[in-house]
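Asker: Take a look at the following structure, please.
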Amino acid sequence: MADLDEYRAKRRAGKTPEPLERKGRKKKSKELVFVVQRHSARALHYDFRLERDGALLSWALPRGVPLRAGERSLAVHVEDHPLDYADFEGDIPAGEYGGGSVEVWDRGTYELQRERRDGTLTVILHGRKLQGEWALVPARLGGEERNWLIVRAAKDGAAGPVQVYEPMLAREAQRVPSGTGWAFELAWEGVRALAPVAGARGHFQHTAGDALDARCKQVLARMPRALRTSECVLDGVICALDDAGQPSRELLEGGGGTVVYLTFDVLEYETEPLIEQPWKARRERLEALLDDSVAEVRLSRSYDDGSALRAAARARGLGIVAKQRKAPYLPGQVSDDWRLLRP
Ligand code: MN
């Protein structure tokens with residue numbers, strides 16, 4: 001039987017909403033469960049848990065679950081958790097152990113394929129997202145017993161290497177297009193940049209110069225916490241906002257203001273390419289994956305009434321971009337499906 005003493009010793013009854021007592025509820029099926037929880041604690045990580053002997057074997061993954069063939073990342077072995085923890089989502093109060101929010105990122109059942117004498121576990125996951133083979137290896141990284149590796153097998157249709165995209169560009173236009181087929185956004189004054197995020201770390205493509213990169217450090221540091229995923233490719237604009245929330249190129253180039261990333265599109269989500277999907281579907285994905293509690297990474301709002309937005313934008317000295325709702329993302333192309341109207 002699993003030992004949950006360490007789990008209980010770290011938590012205070014009545015102070016945390018996490019399950020402490022065994023409910024004694026019988027499981028409905030004999031299948032072994034796994035769960036991955038996104039834990040936005042002091043350091044953001046993903047908790048990977050496998051049912052075993054009536055408890056959950058647990059590892060904390062600072063870079064999320066590796067999704068591409070042969071990819072590996074650190075899995076810090078932590079104390080066993082009670083089975084009921086597989087259903088836990090909620091906010092652990094600040095100051096308590098693991099203070100922060102917990103969300104289920106994926107769950108399902110698994111089969112233990114192999115267990116080696118050294119402790120390596122090879123498992124086949126049947127989740128909503130995770131499908132296929134992973135191995136947990138007691139690699140003792142840095143000489144630490146608890147530092148395991150999690151490895152995605154190079155089979156079962158595991159995703160290939162990272163793809164690089166070029167931004168889709170708008171054609172200049174004079175008139176606000178009419179009809180319901182269009183959505184409208186502010187044309188933010190700043191530096192256009194795609195942001196590939198892998199292993200819960202992002203960087204900006206197409207930024208020109210070290211000065212800007214230095215200014216973006218804080219934005220990139222906050223990015224994992226702004227996203228409900230460890231792996232995606234975003235499109236957006238890096239802006240420096242003044243005290244009134246107005247984007248300013250002078251502030252961006254000269255220093256000052258609050259640097260933020262205003263994102264308006266998602267080209268890939270957890271290795272699944274989205275560029276062939278209509279703008280509307282990509283937009284829904286984007287809205288679902290952003291955690292709006294992070295000020296440094298924001299959704300660029302979308303509006304239905306182009307004329308009203310244009311008038312409001314003009315008053316701020318900004319242009320607008322009209323986007324065809326049905327249009328796919330065309331990397332590197334100047335397209336009629338996106339239209340830039342200058343102020
Ligand atoms: Mn955790």
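The values are calculated or read from the model by the stated rules, or taken from the named source; none is laboratory data. As the structure is a computational prediction, the values presented were derived from the model and not from experiment. Heads up, the Cβs are rebuilt from the backbone with ideal geometry, glycines too, and the neighbour counts pull from every protein chain shown.
Asker: Which of the residues belonging to region 292-327 are in contact (Cβ under 8 Å) with a residue 60 or more places away in the chain, surrounded by 17 or more Cβ atoms within 10 Å (Cβ to Cβ) and closer than 30 Å to S40 by Cα?
Answerer: Scanning region 292-327 gives V294, E296, V297, S300, S302.
Asker: Could you check V162 against (1) outside the structural domain of P196 (by TED's automatic domain parsing); (2) at pLDDT 95 or above and say which number it fails?
Answerer: Going through the list (1) outside the structural domain of P196 (by TED's automatic domain parsing); (2) at pLDDT 95 or above, V162 breaks only (2).
Asker: For region 39-52, what are the residues that are assigned to a strand (DSSP E or B) and either near the ligand (Cβ under 9 Å from one of its atoms) or of a type in the set (S, T, Y) (or both)?
Answerer: Listed by number, the residues that qualify are H39, S40, H45, Y46, D47.
Asker: Give just the number: which of (1) in contact (Cβ under 8 Å) with a residue 60 or more places away in the chain; (2) over 24 Å from the mean Cα position of the chain (by Cα); (3) closer than 25 Å to M223 by Cβ does G245 not satisfy?
Answerer: Among (1) in contact (Cβ under 8 Å) with a residue 60 or more places away in the chain; (2) over 24 Å from the mean Cα position of the chain (by Cα); (3) closer than 25 Å to M223 by Cβ, the lone unmet condition for G245 is (1).
Asker: Do you know which of the residues in region 15-32 that are at pLDDT 85 or above and either closer than 17 Å to G90 by Cα or among the aliphatic types (A, V, I, L, M) (or both) is surrounded by the fewest Cβ atoms within 10 Å (Cβ to Cβ)?
Answerer: That would be K15.
Asker: Only one residue in L125, L149 is in contact (Cβ under 8 Å) with a residue 60 or more places away in the chain, within 14 Å of Y46 (Cα to Cα) and more than 20 Å from the chain's Cα centre (by Cα), so which one is that?
Answerer: After applying the criteria, what remains is L149.
Asker: If G14 passes every condition in (1) assigned to a strand (DSSP E or B); (2) more than 16 Å from the ligand (Cβ to nearest atom); (3) not hydrophobic (A, V, I, L, M, F, W, C) but one, which one does it miss?
Answerer: (1)
Asker: Answer yes if at least one residue in region 219-237 is surrounded by 21 or more Cβ atoms within 10 Å (Cβ to Cβ) and more than 29 Å from E103 (Cβ to Cβ), and no otherwise.
Answerer: So far as region 219-237 goes, no, none of its residues is surrounded by 21 or more Cβ atoms within 10 Å (Cβ to Cβ) and more than 29 Å from E103 (Cβ to Cβ).
Asker: Let me ask something else about it. Name the residues in region 59-89 that are of a type in the set (G, A, S) and either away from the ligand (no atom under 13 Å from the Cβ) or outside the structural domain of F48 (by TED's automatic domain parsing) (or both), would you?
Answerer: Scanning region 59-89 gives A69, G70, S73, A86.
Asker: To continue, here is another question. Pick out the one residue from E96, E115 that is of a type in the set (D, E) and either within 22 Å of L227 (Cα to Cα) or more than 13 Å from the ligand (Cβ to nearest atom) (or both). Working first, answer last.
Answerer: Numbers: E96 fails: either within 22 Å of L227 (Cα to Cα) or more than 13 Å from the ligand (Cβ to nearest atom) (or both).
On inspection, the qualifying residue turns out to be E115.
Asker: I'm trying to understand the selection: among the residues of region 68-84, which are within 22 Å of the chain's Cα centre (by Cα) and either surrounded by fewer than 21 Cβ atoms within 10 Å (Cβ to Cβ) or charged (D, E, K, R) (or both)?
Answerer: R68, A69, G70, E71, R72, S73, L74, V76, listed by residue number.
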